[in-house]
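Colleague: The structure under discussion is supplied below as structure tokens; questions concerning it will follow.
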Amino acid sequence: MKPVVPFIARMSAEERAEWMAQFERLMPQIDVRPLATMDAAERLSARVAIVANPDPAHLHELPGLVWVQSLWAGVERLLGELIDTDFAIVRMTDPQLAETMAEAVLAFSLYLHRDIPLYLVQQREKIWAEALPRLAADRHIGILGLGNLGKAAARRLLANGFPVSGWSRTPAEVEGVECFSGEEGLERVLSRSDIAVVLLPLTPDTRGLLNTARLAMLPRGAGLINFGRGPIVDQPALLAALDEGQLSHAVLDVFAQEPLPADNPCWSHPSITVLPHISAPTTPATAARIVAANLSAYFERGEIPPAVDRQRGY
């Protein structure tokens, strides 16, 4: 008999159908099913679930859970909503995700580097004027967060001629990148970053990390890209830094509340580019392979993939 694995997700019917098609193709030996189709005995016997922003109440209907496989790389929502559980939480670690993020970091670093926000304003105002260009070699980029995503982004930026430095909570090494850690290291990276790129997870230590004092460490007129999590950047401090000219422009793909409310000032601020959390979406075709490998290892050999450290938040 095939093991039954519940699929619990808050997503559109179209997204759900795409994931289910991939699971059926890659895991014919496992019966992946929506929770609503499972009877009481199947819910009681379930040891693993596939989840994407699940309703916590649904997971409480599975008392025998040993671990859950998240389809997303970020797990702060799961950790915040499942504090009264003790099963292992496994985040998505798809290599394609890192390459997709690296592509987005390069794209929007070039967007700032080549003064596209300025030209968009000039187009609206019908101004024909050329800004003095800078060489990539003269535009230093600092990456906050040197996990898989940060390392891939750093390599992509280096390949395109940008000098790169990086900061992480614990020491890291990336060929060609000057790496720092700790509070003093953060100041050193920020102080040289013409463009700062945030790729950190949201943890108690990173919440509000870029506040007024740390934004002031950036060179005047620097650009900011936040592809990590919204609450890492203090929004009032960011708006003030933009209004005062300390920062020239911010590209924001993540926010404390998503979708971004219509009355949020970021929508209409002339020095902010708002993106709808699209910098590195999970790709079902590749991520489902990771899920299939993890579930197969569990059912064949009892192996559970490395889980999130609930204390650290990642």
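Colleague: Let a ≥ b ≥ c be the square roots of the eigenvalues of the Cα gyration tensor of region 198-268; is it rounded (a/c under 1.5), or, if not, prolate (a/b larger than b/c) or oblate?
Modeller: oblate
Colleague: Let me ask you something else. State which stretch of the chain is the longest one without any exposed GluC sites (Glu not before Pro), exposure meaning a DSSP loop state and at most 14 other Cβ atoms within 10 Å.
Modeller: Working: sites that count: 125, 130, 173, 175, 244, 303.
Here the longest run is 1-124.
Colleague: Here's a follow-up. How large is the convex hull of the Cα atoms of the chain per residue, expressed in Å³ as a whole number? Write down the numbers at each step before the final one.
Modeller: Details: hull volume 47.1 nm³, N = 314.
Residue-normalised Cα hull volume stands at 150 Å³.
Colleague: Roughly how many nanometres apart are two label points built 7 Å out from the Cα toward the Cβ at residue 184 and residue 134?
Modeller: About 2.7 nm separates the two model spin labels.
Colleague: Using only alpha carbon pairs under 8 Å that are at least six residues apart, calculate the relative contact order of the chain and give it in whole percent. Before the final figure, lay out the partial values.
Modeller: Details: 531 pairs, mean separation 50.0, N = 314.
That works out to 16 percent.
Colleague: Turning to a different aspect of this structure: How many angstrom lie between the C-alpha centres of region 153-214 and region 47-82?
Modeller: 30 Å
Colleague: Compute, for residue 151, the solvent-accessible surface of its heavy atoms (probe 1.4 Å) with the complete set of protein chains present, and express it in square angstrom to the nearest 10.
Modeller: The value for residue 151 is about 70 Å².
Colleague: Given the whole protein assembly as supplied and a 1.4 Å probe, what does the accessible area of residue 155 come to in Å², nearest 10?
Modeller: 130 Å²
Colleague: With a 1.4 Å probe and all protein chains left in place, how much accessible area per residue does region 62-181 have, in Å²? Could you put the intermediate results ahead of the total?
Modeller: Numbers: 6170 Å² over 120 residues.
Result: 51 Å² per residue.
Colleague: Shifting gears a bit: Only helical DSSP H runs with n ≥ 4 go in: add -39500 (n - 2.57) per run for the chain, normalise by residue count and round the 222 nm mean residue ellipticity to 500 deg cm²/dmol.
Modeller: Values: 11 runs with 112 residues, N = 314.
Value at 222 nm, helices only: -10500 deg cm²/dmol.
Colleague: Take the chain, connect every pair of alpha-carbon atoms lying under 10 Å apart with a spring to form a Gaussian network, then pick out the residue of 236, 219, 201 with the largest mean-square fluctuation.
Modeller: 236
Colleague: Taking the solvent-accessible surface of protein heavy atoms with a 1.4 Å probe, what is the per residue accessible area of region 242-314 in Å²?
Modeller: Working: 3860 Å² over 73 residues.
Spelled out: the 1.4 Å probe surface of region 242-314, per residue, equals 53 Å².
Colleague: Just 264, 294, 226 to compare: in a GNM of the chain, with alpha carbon springs under 10 Å, which one fluctuates most?
Modeller: Maximum among the listed residues: 264.
Colleague: Quick query: amide H of residue 251 versus all other amide H atoms, modeled in the peptide plane; which residues come in under 5 Å with a sequence gap of 5 or more or a different chain?
Modeller: For residue 251, the qualifying residues are 224, 225, 226, 273.
Colleague: Same structure, new question: Multiplying the sequence separation of residue 14 and residue 93 by 0.36 nm and subtracting their Cα-Cα distance, what value in nm do you get?
Modeller: Working: separation 79, 0.36 × 79 = 28.44 nm, distance 2.31 nm.
This chain segment gains 26.1 nm when fully extended.
Colleague: Using the eigenvalues of the Cα gyration tensor, what equivalent ellipsoid semi-axes result for region 167-314 when each is taken as the square root of five times the eigenvalue, whole Å, largest first?
Modeller: On the way: eigenvalues 208, 85, 36 Å².
One finds semi-axes of 32, 21, 13 Å for region 167-314.
Colleague: Turning to a different aspect of this structure: Along region 216-224, what does the Karplus equation 6.51 cos²θ - 1.76 cosθ + 1.60 (θ = phi - 60°) give for ³J(HN,Hα), rounded to whole Hz, x for Gly and Pro?
Modeller: Ordered by residue, 3J(HN,Hα) equals 6, 6, 5, x, 4, x, 5, x, 10 Hz.
Colleague: Relative contact order of region 96-274: what whole-number percent is it, with Cα pairs under 8 angstrom and at least 6 residues apart?
Modeller: Working: 314 pairs, mean separation 30.6, N = 179.
Reported as a whole number, the value is 17 percent.
Colleague: How many percent of the accessible area of the chain is carbon or sulfur, using a 1.4 Å probe? Before the final figure, lay out the partial values.
Modeller: Details: 8280 of 15400 Å².
The value for the chain is 54 percent carbon and sulfur by accessible area.
Colleague: Run the quick spin-label model on residue 235 and residue 256: label points 7 Å from Cα toward the beta carbon, then report their separation in nm to one decimal.
Modeller: 0.6 nm
Colleague: Continuing with the same structure: Using label points projected 7 Å from each Cα along Cα→Cβ, tell me how many nm separate residue 123 and residue 21, to one decimal.
Modeller: For the pair residue 123/residue 21, the computed spacing is 3.3 nm.
Colleague: Next question. For region 46-56, in order, what is each residue's ³J(HN,Hα) by Karplus, 6.51 cos²θ - 1.76 cosθ + 1.60 with θ = phi - 60°, in whole Hz (x at glycine and Pro)?
Modeller: Once rounded to whole Hz, the list reads 5, 10, 9, 9, 9, 9, 8, 6, x, 6, x.
Colleague: I'd like to verify something in the chain: which complete DSSP H helices, judged by Cα projection on the helix axis, reach 15 Å or more and average at least -1.0 on the Kyte-Doolittle scale? The partial results should precede the final answer.
Modeller: Working: long enough: 13-26 (20 Å, -0.96); 95-113 (27 Å, 0.69); 148-159 (17 Å, 0.15); 182-192 (16 Å, -0.85); 284-301 (24 Å, 0.32).
Both cut-offs are met by 13-26, 95-113, 148-159, 182-192, 284-301.
Colleague: Search the structure for amide H atoms under 5 Å from the amide H of residue 143, placed 1.01 Å from N in the peptide plane, and list their residues when 5 or more places away or on another chain.
Modeller: The list, which skips near neighbours in sequence, is 165, 166, 167, 197.
Colleague: Note down the accessible area of residue 134, probe 1.4 Å, to the nearest 10 Å².
Modeller: Answer for residue 134: close to 100 Å² accessible.
The values are calculated or read from the model by the stated rules, or taken from the named source; none is laboratory data. Computed from a predicted model, the values in this text were never measured in an experiment. With ideal geometry, Cβ positions are generated from the backbone for all residues, glycine too; neighbour counts draw on all protein chains shown. Areas reflect the complete protein model, heavy atoms only, side chains present, ligands, DNA and RNA absent. Shrake-Rupley method; radii C 1.70, N 1.55, O 1.52, S 1.80 Å.
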